[in-house]
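Here is the structure we will look at, set down as structure tokens.
The values are calculated or read from the model by the stated rules, or taken from the named source; none is laboratory data. The structure displayed is predicted, hence computed values, not measured ones. Virtual Cβ from ideal backbone geometry, glycine too; neighbours counted across all protein chains shown. Please note that ligands, DNA and RNA were not included when accessible areas were found on the heavy atoms of the full protein model with its side chains. Shrake-Rupley method; radii C 1.70, N 1.55, O 1.52, S 1.80 Å.
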Amino acid sequence: SQVTKVLEYHVNWLEATGFSRKQGRWFYALLANLQKPLMPEDCSWLRRLARLCSNIRAALESPEDPQLNELNLIICLVARYFEQRDLADS
């Protein structure tokens, strides 16, 4: 589907350039349009996205960083809504 292709593009872009607030909005919009049940390819891209966001979050220098909430939201959506529970924060 088109959503999967755009998600793939944005995950690759995130890996290459890092996280931005605009990109966070894109991810939220893509996640809102992704249909369940997930295809295996969708699941793979979502897991990669959550792991990248987790790594970026771990590298933040301050707990007051404005990107923290956006990264947490993406990780939470992937883990809870899309049922990738092993990626959830405990």
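With the Cα gyration tensor of the range 9-56 in hand, convert its eigenvalues to equivalent ellipsoid semi-axes via √(5λ) and list them largest first in whole Å. Please list the in-between numbers first.
On the way: eigenvalues 67, 32, 14 Å².
Taking √(5λ) for each eigenvalue gives 18, 13, 8 Å, largest first.
Note down the magnitude of the dipole of the chain about its Cα centre, charges +1 on Lys and Arg C-beta and -1 on Asp and Glu C-beta and zero elsewhere, to the nearest 20 debye. It would help to have the intermediate numbers written out before the result.
On the way: 11 positive and 11 negative charges, 47 e Å.
Value, rounded to 20: 220 debye.
Probe radius 1.4 Å, ligands and nucleic acids ignored: give me the carbon and sulfur share of the accessible area of the range 7-90 as a rounded percent. Provide the component values of the computation, followed by the final result.
On the way: 2750 of 5260 Å².
So the carbon and sulfur contribution to the accessible surface is 52 percent.
Can you give the local net charge around residue 89? Use residues other than it whose beta-carbon is closer than 14 angstrom to its beta-carbon, Lys and Arg +1, Asp and Glu -1. Please report the intermediate quantities before stating the final value.
Values: positive: 51, 57, 80, 85; negative: 86.
With Lys, Arg at +1 and Asp, Glu at -1, the net is +3.
How many nm is it between the label spots at residue 25 and residue 72, if each spot is 7 Å from the Cα in line with the beta carbon?
Taking the two extended label points, one gets 2.2 nm.
Report, in whole Å, the centroid distance computed from the Cα atoms of the range 8-64 and the range 69-87.
Taking the Cα centre of each part, the range 8-64 and the range 69-87 sit 10 Å apart.
Do any GluC sites (Glu not before Pro) in the chain lie in a loop, going by DSSP, with at most 11 other beta-carbon atoms within 10 Å of their beta carbon, and if so which?
Filter output for the chain: 61, 64.
Output the relative contact order of the range 51-90, whole-number percent, from Cα pairs under 8 angstrom with separation of 6+ residues. Write out the running numbers ahead of the final one.
Working: 22 pairs, mean separation 13.9, N = 40.
It rounds to 35 percent for the range 51-90.
Report the label-to-label distance for residue 64 and residue 17 in nanometres (one decimal), using points 7 Å from each Cα along the Cα→Cβ vector.
For residue 64 paired with residue 17, the spin-label model returns 2.9 nm.
Using bins 10 angstrom wide from zero, how does P(r) for the chain break down, in % of all Cα pairs?
In whole percents, the pair-distance histogram is 17, 56, 25, 2.
Between residue 81 and residue 2, what length in nm is gained on full extension when 0.36 nm per residue of separation is reduced by their alpha carbon distance? Write out the running numbers ahead of the final one.
Details: separation 79, 0.36 × 79 = 28.44 nm, distance 2.04 nm.
Gain in length upon complete extension: 26.4 nm.
Measure nothing fancy, just the Cα-based angle from helix 21-33's long axis to the longest principal axis of the chain, in degrees from 0 to 90, nearest 10.
30
Using alpha carbons only, how many degrees (0 to 90, rounded to 10) separate the axis of helix 2-17 from the longest principal axis of the chain?
The two axes meet at around 30 degrees.
Determine the per residue accessible area of the chain with all protein chains present and a 1.4 angstrom probe, expressed in square angstrom. Can you show the working numbers first?
Details: 5710 Å² over 90 residues.
Accessible area per residue, the chain: 63 Å².
Using only Cα positions of the range 50-90, each an equal point scatterer, no hydration layer, compute I(q)/I(0) via Debye at q = 0.16, 0.17, 0.24 Å⁻¹ and quote the log10 values to two decimals.
Results for the range 50-90 at q = 0.16, 0.17, 0.24 Å⁻¹ read -0.36, -0.40, -0.74.
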